[in-house]
Amino acid sequence: MATPAGYTRTQIRLHWIIVGLVALQYVFKDAISQAWADWLNGAEIAFNPMIAQHVFLGALVALLTIWRLALRFSHGAPAPAGTESAPGKAKVALATQWAFYALMLLMPISGSVAWFGGAEGAATAHNILKFVLLALIALHVVGALVQQFVQKTNVMARMKHPVA
């Protein structure tokens, strides 16, 4: 498959939708965290729309990630920006992208196994992955900002303007 010059409109939209959904998961996690703690202490868990929201949005992130992966395999993805003279940097960028895909699938899976299966190990993994994802997001944002404003690669245009 040839390497495209940029991302498609659908790929860009999925990127930003997933960004928003993940942000909501972090912002509104208190209800499910409290419910999990209560469940561990033997309390009955009553229906709470904020818990349902966390479960639903987690599943949606997984489904949209699968769609995004399907598009990546069918349409491809552009080469990492600004890595033409730095093959090591290209490998780190590619590893980071695949780590994001893995986390966008592992987080909903581990959360579902914990919540629906009552598996404390899955809950622990989910909690650890939460911090790994935050670190990866920070790396991604800092990398994009450095490329955009220090290296002047105009990398951010790739997630704003689709290829024709």
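No value in this document is a laboratory result; all are computed from the given coordinates. Just so it is clear, the model here is predicted, and its values are computed rather than measured. When we count neighbours, we look across all protein chains shown, and the Cβ atoms used for this are built from the backbone with ideal geometry, even at glycine.
Things to note:
- Taking amide H as placed 1.01 Å from N in the peptide plane, the amide H of THR153 sits under 5 Å from that of GLN148, each at least 5 places away or on another chain.
- Whole-number percent relative contact order across the chain, with pairs defined as alpha carbons under 8 Å at least 6 apart: 33 percent
- For region 26-106, chymotrypsin sites (Phe, Trp or Tyr not before Pro) are listed when DSSP marks them as loop and at most 11 other Cβ atoms sit within 10 Å of their Cβ; the list is PHE47.
- Region 144-151 - phi-based ³J(HN,Hα) in whole Hz, Karplus 6.51/-1.76/1.60, Gly and Pro as x: 5, 5, 5, 4, 5, 9, 9, 7
- Note on LYS89: lysines with a C-alpha under 16 Å away, same-chain residues under 8 apart excluded, are LYS152.
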